[in-house]
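Here, each number is a calculation from the coordinates, and none is a lab measurement. All values derive from a computational prediction rather than experimental measurement. FYI the Cβ positions are ideal-geometry reconstructions off the backbone, even for glycines, and counts take in every protein chain you see.
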Amino acid sequence: MLKREGKINEYLLNKLMSGSRLPFNSKLHSSLPNKAGVYYIFEETSTKQIPLYLGKATNLYYRVYKEHFMGTPKDSNLKGKLINSHQCKDGNDAKQYLRERCFVQYVEIEDESLRNSFERFAINSLKPRYNF
């Protein structure tokens, strides 16, 4: 059972990392599904991707667009952590940071148990800065 779960998680991680890189812009709302899944937010520099945050959602559109991008720091764990770490001074600054430097990728996963398992696996594999 554990070997099978590991293979599924590896497959999903590959699918997540090879998915479309969606910028945080005005088109993001129409690019995200109203479906459950796991999402990965990262900063992209000229030389590498910096993993920032990985999470699960019952509605990817609502969680990523409405809460992380358009929401307040109370709505978004990521915005709150960007502010608390002094990376950004406030919610507007965090939104600008996402807009200018960050992308999101996602994989749809309807099954809640699999979503939970994969989220833990992906966090341990990618080690996003603001998940710890």
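Data table
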quantity	calculated
Scan of the range 101-116 for residues that are in a helix (DSSP H, G or I) and crowded, with 19+ Cβ neighbours inside 10 Å, ordered by number	Arg115
In the range 113-132, residue farthest from Ile41 (Cα to Cα) [restricted to those that are without any contact (Cβ under 8 Å) to a residue 12 or more places away in the chain and of a type outside the set (Phe, Trp, Tyr)]	Ser113
Test result for Tyr65, buried (at least 19 other Cβ atoms within 10 Å of the Cβ), over 28 Å from Gly6 (Cβ atoms) and not aliphatic (A, V, I, L, M)	yes
From the options Ser46, Ser31, Ser18, Ser26, residue that is touching a strand residue (DSSP E or B) at 6+ places or on another chain (Cβ under 9 Å) and loosely packed, with under 15 Cβ neighbours inside 10 Å	Ser18
Positions within the range 32-76 being part of a helix (DSSP H, G or I), out of contact with any helix residue (DSSP H, G or I) (no Cβ under 7 Å at 6 or more places or on another chain), within 19 Å of Arg129 (Cβ to Cβ) and not acidic (Asp, Glu), in sequence order	Arg63, Val64
Close pairs (6 angstrom Cβ cut-off, 6 or more residues apart or separate chains): basic (Lys, Arg) in the range 89-112, buried (at least 21 other Cβ atoms within 10 Å of the Cβ) anywhere	Arg99/Phe24
